[in-house]
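Every number in this text was worked out from the coordinates using simple rules, so none of it is lab data. Everything quoted here is computed from the prediction, not taken from an experiment. Methodologically, a virtual Cβ is constructed for each residue, glycine included, from the backbone with ideal geometry; neighbour enumeration extends over all protein chains shown.
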Amino acid sequence: MVSPYLDRCLAVIRDATDGVSEESAARRHGDRWSVVEIVEHLQRAYSGTAKGFERCLEKGAPLATTPSVKQVIQTFVVVNLGRFPEGRTAPKHIVPIGGVALPAVLAAVTRDLQWLDDAAVRTRAALGTGRMLDHPILGAFTVDQWMRFHLIHTRHHEKQIRARR
């Protein structure tokens with residue numbers, strides 16, 4: 001992969017799930033997601049951003065809107081300081097569906113991280129380095145901010161995966 005952030009995402013997920021049994025991976029913890037559901041959530045986030053970049057390329061222009069002051073501050077805290085807020089509800093399009101085995105989800109993560117990396121490279125080359133695509137909560141990100149966001153998001157969930165192992 002071109003992006004060291006996405007390379008690191010894959011390494012973090014592989015390391016955090018290494019040796020997890022199928023039974024342990026599927027076990028829910030109260031109303032909390034299981035290990036496999038957390039990984040599926042991450043996979044859906046990666047593919048969602050890749051789809052967004054593909055839409056930018058199809059349109060031939062960024063799809064970013066002007067962020068609010070609150071979004072600019074939140075983006076700074078998350079992307080620049082690496083502080084991911086606790087207790088947020090995931091946007092509906094990246095909530096795990098479930099019913100998939102961990103090996104299949106891990107294969108999808110590998111595939112979708114590569115797709116995201118490729119889409120990011122093509123988007124940056126075609127459309128530049130400005131704000132490109134909106135995060136559903138934090139507002140407009142550049143391609144590079146998206147790459148860093150995904151690593152911060154992955155590390156946030158790594159803690160949850162390790163706690164559930």
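For this structure, a couple of remarks:
- Residue order, fewest to most beta carbons within 10 Å, for I152, I73, I97: I97, I73, I152
- A Cα-only calculation for the chain places Rg and Dmax at 15.7, 46 Å.
- Packing-based exposure ordering (other Cβ within 10 Å, fewest first) of D134, D144, D117: D144, D134, D117
- Proximal lysines relative to K59, as straight alpha-carbon distance under 24 Å, when same-chain residues fewer than 8 apart are discounted: K51
- Exposure proxy order (Cβ contacts within 10 Å, fewest to most) of Y5, Y46: Y5, Y46
- Value at 222 nm in deg cm²/dmol, rounded to 500, when DSSP H runs of n ≥ 4 in the chain each add -39,500 (n - 2.57): -20000 deg cm²/dmol
- Close amide H contacts of M132 (hydrogens built in the peptide plane, cut-off under 5 Å, sequence separation of 5 or more or a different chain): F141, T142, V143.
- For region 75-146, alpha-carbon Rg and Dmax in angstrom: 14.6, 39
- Degrees, to the nearest 10: 35-59 long Cα axis against longest axis of the chain: 20 degrees
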